[in-house]
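These notes are about the structure you will find just below.
We did not get these values from a lab; they are worked out from the coordinates using the rules stated. A quick note: this is a predicted structure, and the numbers were derived from the prediction, not measured. FYI the Cβ positions are ideal-geometry reconstructions off the backbone, even for glycines, and counts take in every protein chain you see.
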Amino acid sequence: MDWLTFEEAREWANKQEDIRTAEDWFEWDTPKDIPRNPQLVYGDKWKGWHDWLGKEKKVWMPFDEAREWAIASGIVSMRAWYEAKANGDMPENIPRNPHRVYGDEWVNWYDWLGQEVPKSLDELYPDVAKEWHPTKNEGRTADDVKPKSGRKVWWLCSNPKCGAEWSARVTGRTGGSGCPYCSKRKRTV
Ligand SMILES: [Zn+2]
């Protein structure tokens, strides 16, 4: 792999508004021709993270303060958030990607924007909910369970070539597990 020259790579790094600290750097995806560990690659040219990421960048607003601003802003969705940032409608020291910047303090976009969290599996995970078994769940529907429920229920695979039935915990499904028969088939192909 041929890396960009130090100057080219630093220019890219300098331009990334949301990358302000070394910690940010390692959380972000970087172009293939820029090393993940520039401090090890560029030898004598390396002058530290401050230089690499841009001297003029300020520190981020603290989480609580930024979240307060977010709630008061009236922005109601992640998409509207990105638009507002792109239009310059927010303080410069509030990040475009708060979920990446605030790490442990970050909960989710609903919390960030002061929105009510949709309650049922049906509202939050429509793709999972559509595989809710229509007849084997004792009259219960996907509207009746919370996405993090540990309850084991029946599912009906939505792949028309499969149509398998299986039972699994709701929380497993919302955590990303799918039809065991389809995933087995994928693995053996
Ligand atoms: Zn299947």
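Condition check ((1) within 16 Å of the ligand (Cβ to nearest atom); (2) surrounded by 15 or more Cβ atoms within 10 Å (Cβ to Cβ)) across all residues:
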site	(1), (2)
Tyr102	no, yes
Glu116	no, no
Lys119	no, no
Pro126	no, no
Val145	no, yes
Cys157	yes, yes
Pro160	yes, no
Ser167	yes, no
Thr171	no, yes
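Scanning region 47-92 for residues that are under 19 Å from the mean Cα position of the chain (by Cα) and free of Cβ contacts under 8 Å to residues at least 12 places away in the same chain yields Arg79, Ala80, Glu83, Ala84, Lys85, Ala86. Any residue at all in region 149-164 that's in contact with a strand residue (DSSP E or B) (Cβ under 6 Å, 6 or more places away or on another chain) and farther than 15 Å from Leu121 by Cβ? No, the conditions are met nowhere in region 149-164. Every test in (1) assigned to a loop (DSSP other than H, G, I, E, B); (2) of a type in the set (Phe, Trp, Tyr); (3) farther than 29 Å from Trp112 by Cα is passed by Trp60 save one, and that test is (3).
Scanning region 144-189 for residues that are aliphatic (A, V, I, L, M) and not in a helix (DSSP H, G or I) gives Val145, Val153, Leu156, Ala164, Ala168, Val189. Looking only at region 132-143, decide whether some residue is in a loop (DSSP other than H, G, I, E, B), of a type in the set (Ser, Thr, Tyr) and within 13 Å of the ligand (Cβ to nearest atom). Within region 132-143 (the criterion being in a loop (DSSP other than H, G, I, E, B), of a type in the set (Ser, Thr, Tyr) and within 13 Å of the ligand (Cβ to nearest atom)), the answer is no, since none of the residues qualifies.
Could you tell me whether region 125-145 includes any residue that is under 30 Å from Glu68 (Cα atoms), touching a Pro at 6+ places or on another chain (Cβ under 7 Å) and touching a residue at least 24 places away in the same chain (Cβ under 8 Å)? Checked against the condition, which is being under 30 Å from Glu68 (Cα atoms), touching a Pro at 6+ places or on another chain (Cβ under 7 Å) and touching a residue at least 24 places away in the same chain (Cβ under 8 Å), region 125-145 yields at least one hit.
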